[in-house]
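Here's the structure, in structure tokens; my notes come after.
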Amino acid sequence: MTGFSGESAKDEELVSAARKALHERSSLLTLDQTLATIQELKHWVGEELTFEEGASASFGRLLSELWHAEYLEQLPPLLNRFERLAAAHFVRRGSVPAFHGFCSAWREGVLRRILHFAEEGPELSDQGEFLPHYALLVSGTLGRREQTLEEAERYFLVWSEGDPHYFEQLAYRVIAILDRFGLVGKEGAALLGRTFWRGSLDDWDLFVDGEAPPRDDRANRLELFADLRHLGGEPGIGQTAIRMARARLAAGAADAEMRELALEVAVAPVGLNFMGGLKLERSGEHAGCFDLERAALAPLAGAVRMLAAGHDLDPGPTLDRLAALGSLGVLDRALADRLAAAYHLLAGFKIRREIALEQPYLNPAQLSQSEREQLKSALQAVRQLQSLVRDLLAKKRGKWWRLGSACPEPVKN
């Protein structure tokens, strides 16, 4: 599978640009002014380095305390400390990738520790011979490593051998712990059947082919497969399950189900009206507000996921997928950069709402003129991306291209 390019090239460009700017600026200054400027920059860099080192050390201590926690009652204060740390870092940095990185690493650590707590339950510990024979897979935001303070991931518990009753009990214990600490959303344990799939590898094979319940997962299971990652348990079982899912994506590259998904992505509602203005909620609690999730982020992430799946890219953040699609020539570099800027803006808005304990809705009256224009520009970029998906469907006469095939001509901005 194709990997993602890292951020090192962009980091080098940033450092190079900073050096160039300092050099150009110093040519206009006296010796004393140049020294004063460099000393000021040195002081600023020192402060920022101290902040980052402190945040990294604090996060490391939290992960260590999490892993060594002996009782479930030790989790709530750790969860609270993490949320304060992640929020403080975002308030200072405003970095969407850093926030996602913090939250994804933390959630993975929490889930792995919860698995251990669940395995140690009195009704399960005497069946320890079955423990090595399962894997926990995740999809959704955590699968893409775009986890935030909210819960939007999907879980899949897959086993190769053992008593199904044991694994059902394991799943129930995990969900009960998640529910106890508010980590499964408002619906709590009622989500067990819908968001915590579990079954043997044979059951998984049927689910992958769309032949097994729950039926309501059939509509979006291909999207779930595209974001699927192994998180806990035995890696061999997890990788086997992932290969089965990826094979289904590859085999379905030209079938009706994949075409329907591509079409849904291409026409998903984006929050612009026909006059180019923002499309706002017309009724309900959020009347007069803009829905960041459904009208902006979901269409963007969905279209990028579809293109990434079509080119056999590893599951990863939307920003990494955009960079990879730009490198492959699927997207013109200018359009890829514009979409990346759109994602930073939209996800940043949503994260700020989360930190403020508010729903992901924006009131345009509370935005500056510049912010409103930036929001419209971001949504126009999403529509352009959807147009690309439609064009690809038309060129392929309704067939989605096979994974790993040659790239289409890049779409320009």
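Scoring 107-117, 316-326 by mean Cβ neighbours within 10 Å over their residues and listing the highest first yields 316-326, 107-117. Of the peptides 161-168, 295-302, 198-205, the order by per-residue mean of other Cβ atoms within 10 Å, starting with the highest, comes out as 295-302, 198-205, 161-168. Here the residues Leu278, Leu339, ranked from fewest to most Cβ neighbours within 10 Å of their Cβ, fall in the order Leu278, Leu339. Ranked by how many other Cβ atoms sit within 10 Å of their own Cβ, fewest first, the residues Phe51, Phe196 fall in the order Phe51, Phe196.
3J(HN,Hα) along the range 83-96, derived from phi through the Karplus expression 6.51 cos²θ - 1.76 cosθ + 1.60 where θ = phi - 60°, amounts to 4, 5, 5, 5, 5, 5, 5, 5, 4, 7, 9, x, 8, 5 Hz, with x in place of Gly and Pro. In terms of the Cα gyration tensor, with a ≥ b ≥ c the square roots of its eigenvalues, is the range 258-395 rounded because a/c is under 1.5, prolate because a/b exceeds b/c, or oblate? Judged from the Cα gyration tensor, the range 258-395 comes out prolate (a/c at least 1.5, a/b above b/c). In terms of packing, defined here as the mean over residues of other Cβ atoms within 10 angstrom, the peptides 256-265, 358-367, 70-79 line up highest first as 256-265, 358-367, 70-79.
In a simple Cβ point-charge model (Lys, Arg +1; Asp, Glu -1; nothing else charged), the range 258-395 has a dipole of about 300 debye relative to its Cα centre.
Values in this text are rule-based calculations from the coordinates and carry no lab data. A quick note: this is a predicted structure, and the numbers were derived from the prediction, not measured. For neighbour counting, all protein chains shown are included, and Cβ atoms are generated from backbone atoms with ideal geometry for every residue, glycine included.
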